[in-house]
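The values are calculated or read from the model by the stated rules, or taken from the named source; none is laboratory data. Quick caveat, the model's predicted, so the values are computed rather than measured. Neighbour counts are summed over all protein chains in view; Cβ atoms, including those assigned to glycine, are modelled from backbone coordinates with ideal geometry.
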Amino acid sequence: MSATLKPAGLDISKDIISTNYGKDPGDPQWKDDPGIQAYFAFMDKYYPEGDKLDTVNTYGYSTAELLVKVLQQCGDNLTRQNIMKQAANLKTAACRCPAWSPIPRRPTTASTSRCR
C-alpha cells in the first residue's frame with residue numbers, strides 16, 4: 001500500500017480491489033512470522049530510515065534472500081548450469097522470505113532462455 005496507494009493519495013483510494021502475492025509487513029496476522037521478524041531486524045540494522053511497510057523493500061529483501069539460498073545450494077559449483085538447476089529445485093523449508101513463499105517445483109527439461 002505504501003508503494004502505490006499512499007503516493008497516489010489514500011483519500012482517493014476508495015473501493016479498490018487489489019492483490020499481493022506476498023506477506024504484507026503491515027498486516028497484524030504476520031507479526032509473529034519468522035520471515036517478517038527477520039526482515040524487520042534487517043531493516044533496523046541496515047536501512048533504519050527505510051519504510052518497513054513498503055512492499056518494494058520486502059520484495060528486494062526477499063529476492064536477495066532467495067539468491068543467497070540458491071547460491072548456498074550450489075556449494076562450490078557456481079556454473080550457470082548448476083545455478084539454474086538449484087534455482088529450479090529450491091528447498092523452501094529453510095527459506096523465510098517475507099514477500100512470498102516459493103512453491104517447490106519439479107525440474108523441467110524445457111530449455112531456459114538466456115539473458116544476452
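Things to note:
- Considering ASP44, ASP54, the condition of being surrounded by 15 or more Cβ atoms within 10 Å (Cβ to Cβ) and at pLDDT 85 or above is satisfied by ASP54 alone.
- Count of segment 9-21 residues, restricted to those that are at pLDDT below 80 and among the small types (Gly, Ala, Ser), is 2.
- Residue check, ASP76 acidic (Asp, Glu) and surrounded by fewer than 16 Cβ atoms within 10 Å (Cβ to Cβ): yes
- Residues being in a helix (DSSP H, G or I), of a type in the set (Gly, Ala, Ser) and more than 20 Å from ALA64 (Cα to Cα) - total across segment 1-53: 1
- The set of residues in segment 57-98 that are assigned to a loop (DSSP other than H, G, I, E, B) and modelled with pLDDT under 90 comprises ALA88, ASN89, LEU90, LYS91, CYS95, ARG96, CYS97, PRO98.
- Contacts under 6 angstrom Cβ, first residue in segment 34-55 being more than 20 Å from TYR21 (Cβ to Cβ), partner at pLDDT 95 or above and part of a helix (DSSP H, G or I), 6 or more apart: GLY50/MET43
- Whenever a residue of segment 4-15 is hydroxyl-bearing (Ser, Thr, Tyr), its partners that are surrounded by 10 or more Cβ atoms within 10 Å (Cβ to Cβ), lying with C-beta atoms within less than 8 angstrom and at least six residues away or across chains, give the pairs SER13/LEU5.
- Selection count where residues are among the charged types (D, E, K, R) and surrounded by 11 or more Cβ atoms within 10 Å (Cβ to Cβ), scope segment 28-41: 2
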